[in-house]
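Here's the structure we're looking at; comments come further down.
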Amino acid sequence: MFWIYISDLLDVLADKLSKIKKEHGADSIAGLSSARCTNEENYLFQKFMRAAIGTNNVDHCARL
């Protein structure tokens, strides 16, 4: 079994997202939120994707 600390996982994830954003642009990254999240959680998620990541590619499964 493979174990990894959450802080190490977040570092790897941040590095991978930064590399993708640098090589392909921010619009190559998308975010999909859950219908089980509150409006406030979905708002924070879309705000993070737009402000921190720089993409407008945000959707949620409640629309389906």
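If you go through segment 33-56 and keep only what is polar (S, T, N, Q) and assigned to a helix (DSSP H, G or I), you end up with ASN39, ASN42, GLN46. Taking the criterion of being exposed (fewer than 10 other Cβ atoms within 10 Å of the Cβ) and at pLDDT below 95, the only residue of segment 7-35 that qualifies is SER7. Of the residues in segment 5-15, none is of a type outside the set (S, T, N, Q) and in contact (Cβ under 8 Å) with a residue 24 or more places away in the chain.
The values are calculated or read from the model by the stated rules, or taken from the named source; none is laboratory data. Because the structure is predicted, anything quoted here is derived from the model rather than measured. Note that each Cβ is placed from the backbone with ideal geometry, even for glycine, and that neighbours are counted across all protein chains shown.
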